[in-house]
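Below is one structure; the comments refer to it alone.
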Protein chains: 2
Amino acid sequence: MDWHHVLAGRTQRLKASEIRELLKLLDRPDIISFAGGIPDARLFPEDAFRAAAGEALASGAASVALQYSVSEGYRPLREWIALQMDKIGVPCTAENILITSGSQQALDYLGKLFLSPGDTALVGWPTYLGALGAFNAYEPVYDQLAVGGNQGADDYRARAEAAGGQVKFAYLSADFANPTGETVDLQGREALLDLARDLDIPVIEDAAYQALRYDGDPVPPILALDIARTGDIEKTRTLYCGSFSKTLAPGLRVGWVCGAKEVIGRLVLMKQAADLHSATFNQIVTERVAQRCFEEHVAKIHAAYKARRDAMLAALARHMPEGVTWTRPEGGMFVWVTPPKGMDGAALLARAIETERIAFVPGRAFFADGSNGNTLRLSFSCADVEAIEEGMMRLGRLIARERGAVAA
Amino acid sequence: MDWHHVLAGRTQRLKASEIRELLKLLDRPDIISFAGGIPDARLFPEDAFRAAAGEALASGAASVALQYSVSEGYRPLREWIALQMDKIGVPCTAENILITSGSQQALDYLGKLFLSPGDTALVGWPTYLGALGAFNAYEPVYDQLAVGGNQGADDYRARAEAAGGQVKFAYLSADFANPTGETVDLQGREALLDLARDLDIPVIEDAAYQALRYDGDPVPPILALDIARTGDIEKTRTLYCGSFSKTLAPGLRVGWVCGAKEVIGRLVLMKQAADLHSATFNQIVTERVAQRCFEEHVAKIHAAYKARRDAMLAALARHMPEGVTWTRPEGGMFVWVTPPKGMDGAALLARAIETERIAFVPGRAFFADGSNGNTLRLSFSCADVEAIEEGMMRLGRLIARERGAVAA
């Protein structure tokens, strides 16, 4: 049969994520990869997961862990998360939390909740490409969110109307963002809330990396600043998307959205219709592991990732030729590199794999308009310190050679 | 903030599923409930799950089970499913299978793949209300799928065009359907494939209950009949949605879609954008449990559910007053009851809870047009034989009393 005539319009924007496709290709042992932005599996709290799974499946408990459960999520986990949110300046209750299958699903649901075709989503240039992938299904146009810039609400509104819709939300990852590793400072966050207030739109705060701060002072979450303004989470406009993927482990797919009950209630209905609920067992196990070792485990991975971040920044300083710039993240998993002008990240990757046996993610996919190919994302989360040194030496050598070729 | 101005149009159709809401209310020990269409947790293969979870989280294995994995799903599970599909007349490979988070998610993704607002979905009157919930997010209109009826493709096409879209698919559960318990015979399935061919649309075959046949001869899956016509799964129009929820356990949320690679490939991209992948651990554990005990376990639950179905049919014959009719399912979990004319299922439920301490699901929610409130769904999957006898006695007493009240 010819499928094209039955496909919905939204499927025209379905395409493979470069990152996910890369994950498949770059798992070869002879390549030093800085491509996948994934946690180091050697750091997972395996003992805690083993113990928790044993308890969840013990006689008398298993019939609950293996059964259907409510769409909003396992209450003890929602209560644990609410306590955790309180620690970072977000007093709330379990009713403000929906459990999702990873924070990726939260992005999908928020796109589904807000976006009609032609509506505008404000996103960073660059931004997390998985957010663009999730939102694309709802056929928005994108406009550049210039945090701390002096663009006014009226300009955004006018462009959105010209595009045939409304501005529906601003999305950003404020801490150690994927892909840049950069953090939005307090002033930037307040300016964003001002803009959102002027446009009367929600802010989607992607906090996937927020718990991974290795140094510097924490900046309050946007949701905390929103509560400080309004006095009550029920009056806020910020929807905070959290995840256990970067702190405990991603393979159980447990994340959450925290926000005003009015929105959480709608998201619960959406989840009920879309997949009934996140896996019961996974939520029970995650709650037990979190209770058992969240703080200590996060401290442990901080130490490991910090050493790798330090190694990468030191190696970049040692090996990059003139004309290369990069970010200095205070946490997370990524360094964002800008090679000399005119050098394309994708072309560089092809050469890197071929001649230097190293890999990274070309930057273009992170730009909603496909601009700025002159960038690349390095992840330091999975490489050992020696491999980081060797890899940055090779990258520096490659860029120096390519620059020579461009000049010649 | 006022959320209404930022909500997408599709959210107008968000509403609580009566069944899911009922599940919350009717878990009281003093009520005999025939409401929840869920498997009996006492029958879960707990030992097999415990052993499989232990293996998946063993040292050396846990780092895989807890890590990200590919969007299409865990290959050994997809291979096991492909072998299983072959046994029911569907020769295929792992490339024809996408793992989903329960078959509910498959319905959501198929709605997302095919439906633009105003398009028509053909569904049974009644049909699984969770399918309506999933599809509603994509703003279709519904037309009544009359299996084996003599409505022609032209009529469907004309009505769809009048509604402002196209007919995009026919959805049905062909075996022991939720809510009726009825099975579509071979002739009906062939007629459906004829209609789908004439309209050049896909068929979504919801096979959630297909493995639960207690007596009578199996009817080939629609996908098997489609392959028999076309000679090759790649040329078929049927998308088969399978689930482990009714055979092993629902709490791990593992289901699948089987169909032509061209469609599976698009669904993989959709899943990548929506939630990256189903939980790695859950897929590994499910594959191990399936390898270990699928056939024996299904035989065990057949015996238990058959006894309950037999008890319910016998008790209905004993206790229902004149004017009540019901279906005689050869499998699954449901009997569909039509009380005497003029008696509304929802009103009857209110009285049933109040005066007889029994519960069931009123039938109206299963009709896309909200018609036919003069029906109710009984589930026999979770009640013991004695409770079934007592419950049907109370239901018969209630209906007789209500009929008297109506007559008076």
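Just so it is clear, none of the values below were taken in a lab; they were calculated from the coordinates. As the structure is a prediction and not an experimental result, all values here were calculated from the model. When we count neighbours, we look across all protein chains shown, and the Cβ atoms used for this are built from the backbone with ideal geometry, even at glycine.
The table for this structure:
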quantity	calculated
Per-residue HN-Hα couplings for segment A:350-364 [Karplus 6.51, -1.76, 1.60; θ = phi - 60°; Hz; x = Gly/Pro]	4, 5, 5, 5, 5, 9, 10, 6, 10, 9, 7, 10, x, x, 4
Compactness of segment B:214-257, expressed as Rg and Dmax over alpha-carbon positions, Å	13.4, 37
Average beta-carbon neighbours from other chains, 10 Å sphere, peptide B:261-267	2
Contact order relative to length of chain A, as percent, for alpha carbon pairs under 8 angstrom and 6 or more apart	22 percent
Out-of-range pairs (alpha-carbon distance over 26 Å; input A:Lys246/A:Lys271; B:Lys246/B:Lys271; A:Lys235/A:Lys306; A:Lys261/B:Lys246; A:Lys112/B:Lys246)	A:Lys235/A:Lys306; A:Lys261/B:Lys246; A:Lys112/B:Lys246
Dipole-positive endmost among B:Gly251, B:Leu98, B:Phe366 within chain B (Cβ charges, Cα centre)	B:Gly251
Alpha-carbon centroids, segment B:365-383 and segment A:204-265: separation in whole Å	40 Å
For B:127-134, mean number of other protein chain Cβ atoms within 10 Å	2
Computed over segment B:278-398: relative contact order in percent, which uses C-alpha pairs under 8 Å that are six or more apart	30 percent
Other-copy label distances relative to B:Gln12, 7 angstrom Cα-Cβ extension, nm	2.4
Percent of Cα-Cα distances greater than 14 Å, calculated over segment A:129-174	54 percent
Whole-Å distance, taken between Cα centres, linking segment B:102-117 and segment B:333-354	31 Å
Dipole magnitude of chain B, debye to nearest 20 (Cβ charges: Lys/Arg +1, Asp/Glu -1, about Cα centre)	640 debye
Label spacing, shortest first and in nm, from A:Ala346 to its equivalents in the remaining copies (7 angstrom along Cα→Cβ)	5.4
Antiparallel content of DSSP bridges confined to the protein assembly as shown, in %, to 5	50 percent
Shielding score for B:57-69, defined as the mean number of other chain Cβ atoms within 10 Å	6
Inter-copy spacing of B:Asp215 label points, which lie 7 Å from Cα along Cα→Cβ, given in nm from shortest upward	7.7
Dipole magnitude (debye, nearest 20) for segment B:86-236, charges at Cβ of Lys, Arg, Asp, Glu	200 debye
Cα-centre dipole for the protein assembly as shown with unit charges at Cβ (Lys and Arg positive, Asp and Glu negative), debye to 20	360 debye
Chain B: Rg to Rh, with Rh as the Kirkwood radius over Cα pairs	0.97
